[in-house]
Amino acid sequence: MYKSILVPVDASELSDKAMHASVALAKQLGASITGFVAEPMQPVVVDLRPRGRRDDGAREHEAMTSAHAAQVLSKFEAVAREAGVPFTGFYDQVPRIDEAIIRVAEERGCDLIVMVTHGRGAFGEFLFGSHTKAVLAGSKLPLLVLH
């Protein structure tokens with residue numbers, strides 16, 4: 001059935017739920033997991049500092065997001081390894097999280113996406129948006145949504 005599952009994660013409690021549920025599912029199906037952390041790109045701001053100091057800010061942002069992603073993916077890999085599920089971790093800085101999830105799923109040959117939703121309701125989605133809804137609308141792959 002499904003052989004390669006993409007699971008976008010962050011450091012939230014819901015992400016932990018996605019890690020454990022997707023590992024249990026992958027184990028039952030004999031599938032592998034690709035864990036994906038999509039970090040937002042550094043916002044573009046007008047910076048009047050000399051060029052070298054501006055570059056320091058970009059390097060700082062890159063180092064912080066890279067370290068965060070490595071920590072999240074390391075935890076996910078440990079959960080998968082303990083269950084005997086093949087795991088690959090991937091991280092990218094992206095302008096749009098939902099588009100990155102779809103792109104990575106297609107590029108990595110995944111046949112299922114597992115995501116969690118905060119369940120904020122209509123008003124919360126209006127204020128904050130929903131990556132899960134955007135992935136559902138934009139992807140041709142099956143999407144398993146956990147709440």
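Laboratory data are not the source of any read-out in this text; all were calculated from the coordinates shown. Keep in mind it's a predicted model, so treat the numbers as computed, not measured. All Cβ positions, even for glycine, are placed from backbone atoms using ideal geometry, and neighbour counts span all protein chains on display.
Ranking request for peptides 1-8, 70-77: highest mean number of other beta-carbon atoms within 10 Å first, then the rest in descending order.
Details: 1-8: 20.4, 70-77: 17.0.
In descending order of packing, they fall as 1-8, 70-77.
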Practice problem: For K133, list the lysines whose Cα falls under 23 Å from its own Cα; do not include residues on the same chain fewer than 8 positions away. | Solution: K17
Quiz prompt | Separation of the V145 and K3 label points, Cα + 7 Å toward Cβ, nm | solution = 2.9 nm
